Amino acid sequence: MKRNSLLLLWLFIFWSVLIWSAIDPKDYPTWFLEVFPALIGFVVLAATYRRFSLTPLVYLLILIHAIILMVGGHYTYAEVPLGEWMKEWFGLARNDYDKIGHFAQGFVPFMIAREIVIRNKVFKSRGWMHFFLLCFVMALSAFYELIEWWVALLSKEAAAAFLGTQGYVWDTQSDMFFALIGGLCAWVLLTKLHDRQLREL
C-alpha cells in the first residue's frame with residue numbers, strides 16, 4: 001500500500017475513533033484529560049510529517065496508543081468494557097484497562113524515542129541507547145503520574161475518574177512498572193522490524 005494511502009487510512013481511523021469517543025462520553029472533563037495527549041501527538045505529527053516522517057511501524061503504534069486513550073476517555077478507564085471482560089475472565093479484583101494504557105505508555109514512547117535517537121545518531125553503543133530508552137520511558141511514566149497528582153489537586157471532581165485507582169494503593173507504582181514492561185517488550189519484540197524499516201527510509 002502506498003504511503004499516501006496509509007496516511008489517509010491512519011487519518012480516517014484516528015478521527016473516526018476520536019469522534020466516536022467524543023459522543024456522549026461518561027463525562028467530558030475526564031474525556032478531555034484522557035484524549036488530550038492524543039491530540040497533542042496529532043499536532044506534533046502533523047507539524048513534523050514533511051521534514052521528519054516516521055516509519056510505518058511507529059505511526060501504527062502511535063495510532064494504537066491514541067485509540068487506547070480515546071476508548072479510556074469515552075468510558076473512563078475504570079469502566080471500559082474490555083477491562084470488565086478481563087476482570088471476569090481472569091478473576092481480577094479491578095478493571096485493569098488502565099494497565100493496558102500504561103503498558104502502551106512504555107511500549108510506544110520507547111519506539112518513538114528509539115527512532116529519533118537512531119536517526120540523529122545520538123548513541124554509538126546500542127546497549128547504552130536501549131538503557132537510555134528504558135530510563136526515558138520510566139521518566140515519562142513518572143512525570144505522567146505527577147500530572148495525575150496535579151490534576152487531582154486542582155480538580156477534585158474529575159480526579160477520581162481520571163486517576164482510576166479504584167482503591168488500589170499501589171496503583172502509581174504498578175502503572176510505572178507496566179510502562180517499564182512495555183518498554184522491555186518493545187525492545188525485545190520490535191527491534192529487528194524497526195531496524196529494517198529504518199533502513200528503508
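The values are calculated or read from the model by the stated rules, or taken from the named source; none is laboratory data. Note that this is a predicted model, so its numbers are computed, not measured. Cβ atoms come from the backbone with ideal geometry, glycine included; neighbour counts cover every protein chain shown.
I want to confirm something. Restricting to segment 119-139 and keeping residues that are in contact (Cβ under 8 Å) with a residue 24 or more places away in the chain and more than 16 Å from Met176 (Cα to Cα), which single residue is farthest from the chain's Cα centre (by Cα)?
Looking at residues that are in contact (Cβ under 8 Å) with a residue 24 or more places away in the chain and more than 16 Å from Met176 (Cα to Cα), I get Arg119.
So for segment 150-158 (the condition being within 19 Å of the chain's Cα centre (by Cα), modelled with pLDDT under 95 and surrounded by fewer than 18 Cβ atoms within 10 Å (Cβ to Cβ)), does at least one residue qualify?
Yes, segment 150-158 contains at least one residue that is within 19 Å of the chain's Cα centre (by Cα), modelled with pLDDT under 95 and surrounded by fewer than 18 Cβ atoms within 10 Å (Cβ to Cβ).
Would you check if Lys99 is part of a helix (DSSP H, G or I) and within 19 Å of Phe177 (Cα to Cα)?
So Lys99 passes the test.
Among what's in segment 21-45 and is among the acidic types (Asp, Glu) and surrounded by fewer than 18 Cβ atoms within 10 Å (Cβ to Cβ), pick the residue that is nearest to Asp175 (Cα to Cα).
Looking at the filtered set, the residue picked out is Asp27.
For residues that are surrounded by fewer than 19 Cβ atoms within 10 Å (Cβ to Cβ) and touching a helix residue (DSSP H, G or I) at 6+ places or on another chain (Cβ under 7 Å), scanning just segment 46-62, find the one that is farthest from Phe103 (Cα to Cα).
It comes out as Pro56.
Of the numbered conditions (1) farther than 21 Å from Val44 by Cβ; (2) assigned to a helix (DSSP H, G or I); (3) small (Gly, Ala, Ser), Ala93 satisfies every one except a single condition; which is it?
Status for Ala93: all satisfied but (2).
Looking at segment 61-68, is at least one residue within 22 Å of Val137 (Cβ to Cβ), modelled with pLDDT of 95 or more, in contact with a Pro (Cβ under 9 Å, 6 or more places away or on another chain) and of a type in the set (A, V, I, L, M)?
Yes, because at least one residue in segment 61-68 is within 22 Å of Val137 (Cβ to Cβ), modelled with pLDDT of 95 or more, in contact with a Pro (Cβ under 9 Å, 6 or more places away or on another chain) and of a type in the set (A, V, I, L, M).
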